[in-house]
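**Student:** Dumping the structure here so I can ask a few things about it.
The values are calculated or read from the model by the stated rules, or taken from the named source; none is laboratory data. Everything numeric in this text was worked out from a predicted model, so none of it was measured. Because the Cβ atoms are built from the backbone with ideal geometry, glycine has one as well, and the counts that use them run over all protein chains shown. Surface accessibility is based on the protein's heavy atoms, side chains included, excluding ligands, DNA and RNA. Shrake-Rupley method; radii C 1.70, N 1.55, O 1.52, S 1.80 Å.
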Amino acid sequence: MSSMSGGSETVSFQASETQNTIQRILQSCSKLVEAGDIHESDSTISELVKFLDSLSDAALSDPNNEPAQNDAFDALNEIHQYICSPSLAQEAVDALSFELPKAVSKFAGISNRFLDKAISIIDQFLEKCGPRDMLSILCNTLGYSSNMTKAASYILPPLSGLSKVFTSIKRRHFEQVQVAVPIILNVLKAVALDSDDADDAELESVFHRAVGIANSIYEVCNKLDGASNEKLRALLGLYVLQCLALLSASISYKDSTCHLMVLELSQISSYCGLTYMSLLTAFDVETVAGFVFGEDKDAHMSCLSHVKHGAALSVVWGLVSEEVAHATKESLVAIKDDLHNNQTKRWQAIGTLKHVLSFVNLPWELKKHTINFLLCITDGCVSGEYLGEHSEWSSYMPNIFTALQAIKMVIMYAPEPEVRKKSFALLKAVLADIPDTQRFDILKALITNTDSSSMIAIFIDIVRREMHMEVCNSTSVKEAPDSNNEMHPDMPFWTPSVLELVESVLRPPRGGPPSLPDASDAVLSALNLYRFVLMTESTGKTNRTGVLSRSNLVKAYNEWLLPLGTLVSGIMTENKNDYDQLAVDTVCTLNPLELVLYRCIELVEEKLKQSTT
C-alpha cells in the first residue's frame, strides 16, 4: 500500500510541478508582452516551447509511461484554459499564436485525447486571432511537418484548423485558398507517399481532414459568383483530383472508409464540372493550373504531380462502385460506347488511363478494373489507317507509347496469371489500334526501351506475326517479284528496319555478342524472325527488307551468326558434362536456340553460294 501511495504522490507532484511551470511561463510571457518587451517575451515563448517539446518527446518515446502522458496532458490542459481566459490580453494571444500551434500539434500522435485537446487549442486561437492571421500561421505549422517523425499525426490539428479558416474568411476568398492549397497538397503527398511511419488509422484521419477541407472550399464556392467562383472551382477540382490519387494509393482499397471518402470527393468533382468524358479526353492539368495560378503555374506543378492519376481514377472508381457512378450521374455504358466508336477519344482515354497502370502505389484491384475498361473500349478496334491529319495522329503516339510501356509493366509484375493474360490481350488490342505505318516504329521503340529478355521476345514475336499477316493479306505476293527495298504501301513491316531490329538483339549496341543464357528468350525470338524473313523473301522471290543482298548476308553471317555460334558452343561445352541444376537449366535453355541458330547459318551459307553479287 505504501509503495502505491508513494507512486501516487509522485505522479501528483510531477503533474503539479508541470502545471506550475506552465503557469509561471505563461504569466511571465503575458507581463512581458503587455510591457512591450518583445525580445524577452520571445525568449520566454521559446522557453515554453522547449518545455512542451520535452513533455511531448517523453510521452511519445514510451507509450506505456503513464506519468509522462499525464504530465503532457496536464500541460495541454493548462494552455487551453489559459487561452480560453476572457481576461487574457489580445497582445499575449497574438504572441503565443505564432509558436504554440506547432508545439501542441506534436502531442497529437500520443492518443486521440491529445489530438482533440490540440485541436481545441487551435480553435481558440482561431476564435481570438481571426481567420486571415491564422491562415498563414497554420500553413507555417503544416510546413514544419517535414521536421517531424510522426508527421501524419502532427498535421491533423492544422488541417482541422484550416478547414474552419476557409469558411470563416470574409473577403478575397480565392486568393486566400490559392495560397494554402499548394502547401496542403505538398504535405499530403509527403505523408501519403514518402513517409514510412504512418499507419492505416493515421492516414485515414489525415484524408478525413483533407476531404473536410474539400468540403470547406466547396462551401466557399457557393458564396461566390462570376470569375471568383469559376477560378475557385477550378482550384477545387485540382485539389480533389490530387487528393483522390493520394487517397487511392494510401488507404486500403477494401476499407469502407476509403469508399466513403472517394464518394465525397467524386461528388465535389462533379460539382466542379469534371465529367468522366472530359477527364478522360480533354482535361489538361497545365491549362487549368495556368488559369488558377497564372504566371506562377510552374512553381506549383509539383503539388499537382498526381492530378492526372486522379483524373483517371475518378472514372475507375465509377467502375468499382455503382454508388460513386450514380452520385456523379454518369452513364459508363454510354461512355464506353462513345470511346469504342471514336478513335481520337479512345486514344486520349488510353493516354489518361495509363496513369493508373503506371502508378506503383495503387492496389492491383484498381488496375484490374482499368484493364477491363480498356479491353472494352479497344475490343475489335483495328486501325489500319487514321482518317485525320498526319500531324494529329502523330501527336497522340507518345501517349500511346507510354501507355504500352505501362501495360508492359503490368504483364511483367502482376501477381495473378489472369491479370497478366488480360494485360497481354490489351497490349495487342492497343497495338492493333495504331495505324499500320506507325505500328512497327512503336514496337521497335518498345524493344529498345525494354531490359527484360522475355518481354523483348514477346515484342519480336508480335513483329513476326504482323509480317506474316501482311504476307497473307498482300496481293503483291502473287504478283511479279519486287526486288527493290522501298516500303510497300500495304506491307509497312517489310522494310530494311526489320534487319536493324534483329541486329539490335544479336549484336547489341554496346558491342559483342548478347549475354547468354540471360538473353536467350530475346535471341531465340530474333533468330526465328530472321529465319522467317529470309525464307519468306526467298520463297516469294522478293527482297523488300534487303535480307537477300550479298552485303547483308555477309554481315549477318560474319557479325551476327558466327560469333553467336562460337559463344553458344563454348557455353554448351562448359556445361554438358556438369550435372548441377544450373548447368542442366543452361543446356535446356540453349538447346532450341542452338537448333535455330545452325539452321540460320545453313540458310545464309546456301544463299551466299547462290549469290553472284
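**Student:** Of (1) within 24 Å of Phe293 (Cα to Cα); (2) of a type in the set (A, V, I, L, M); (3) touching a residue at least 60 places away in the same chain (Cβ under 8 Å), Leu138 satisfies all except one. Which?
**Tutor:** (3)
**Student:** Would you pick out the residues in segment 28-41 that are over 12 Å from Ala89 (Cβ atoms) and either outside the structural domain of Ile83 (by the TED database) or at pLDDT below 90 (or both)?
**Tutor:** First, pick out the residues of segment 28-41 that are over 12 Å from Ala89 (Cβ atoms): 28, 37-40.
Selection gives Asp37, Ile38, His39, Glu40.
**Student:** Consider Arg439 carefully, then state whether it is over 24 Å from Pro363 (Cβ atoms), touching a helix residue (DSSP H, G or I) at 6+ places or on another chain (Cβ under 7 Å) and of a type in the set (Lys, Arg). Spell out the reasoning first.
**Tutor:** Values: over 24 Å from Pro363 (Cβ atoms): yes; touching a helix residue (DSSP H, G or I) at 6+ places or on another chain (Cβ under 7 Å): yes; of a type in the set (Lys, Arg): yes.
The answer is yes for Arg439.
**Student:** Separate question: Condition first: surrounded by fewer than 17 Cβ atoms within 10 Å (Cβ to Cβ) and more than 22 Å from Val523 (Cβ to Cβ). Now tell me which residues in segment 438-454 satisfy that. Full working, then the answer.
**Tutor:** Step one: list which residues in segment 438-454 are surrounded by fewer than 17 Cβ atoms within 10 Å (Cβ to Cβ), which gives 441, 445, 448-449, 451-452, 454.
The one that is surrounded by fewer than 17 Cβ atoms within 10 Å (Cβ to Cβ) and more than 22 Å from Val523 (Cβ to Cβ): Asp441.
**Student:** Please go through (1) within 27 Å of Ser61 (Cβ to Cβ); (2) part of a helix (DSSP H, G or I); (3) not β-branched (Val, Ile, Thr) for Ala198 and return the number of the only condition it doesn't satisfy.
**Tutor:** Just one mismatch for Ala198, condition (2).
**Student:** Within the group Phe291, Phe207, which residue is open to solvent by 20 Å² or more (accessible area, probe 1.4 Å) and assigned by the TED database to the domain that holds Val181? Break it down into steps so the answer makes sense when it comes.
**Tutor:** Details: Phe207 fails: open to solvent by 20 Å² or more (accessible area, probe 1.4 Å).
Being open to solvent by 20 Å² or more (accessible area, probe 1.4 Å) and assigned by the TED database to the domain that holds Val181 holds for just one of Phe291, Phe207, which is Phe291.
**Student:** Asn591 versus (1) surrounded by fewer than 19 Cβ atoms within 10 Å (Cβ to Cβ); (2) out of contact with any Pro (no Cβ under 9 Å at 6 or more places or on another chain); (3) in contact (Cβ under 8 Å) with a residue 24 or more places away in the chain; (4) closer than 22 Å to Ile460 by Cα: which is the lone unmet condition?
**Tutor:** Result: Asn591 passes all but (3).
**Student:** Would you check if Ser504 is open to solvent by less than 40 Å² (accessible area, probe 1.4 Å) and among the polar types (S, T, N, Q)?
**Tutor:** On the way: open to solvent by less than 40 Å² (accessible area, probe 1.4 Å): no; among the polar types (S, T, N, Q): yes.
Here the answer is no, as Ser504 does not meet what is asked.
**Student:** Could you please tell me which pairs satisfy a Cβ distance under 7 Å, a separation of 6+ or placement on different chains, a first residue in segment 198-227 that is farther than 11 Å from Glu264 by Cα, and a second residue that is modelled with pLDDT of 95 or more and outside any helix (DSSP H, G or I)?
**Tutor:** Pairs that qualify, where the first residue is farther than 11 Å from Glu264 by Cα and the partner is modelled with pLDDT of 95 or more and outside any helix (DSSP H, G or I), are Val206/Ile155.
**Student:** Wholly within segment 226-327, which helices (runs of 4 or more DSSP H) include no fewer than the required count, namely at least 1 residues that are acidic (Asp, Glu), farther than 25 Å from Asp199 by Cβ and touching a helix residue (DSSP H, G or I) at 6+ places or on another chain (Cβ under 9 Å)?
**Tutor:** 226-250, 285-293, 297-300, 322-327
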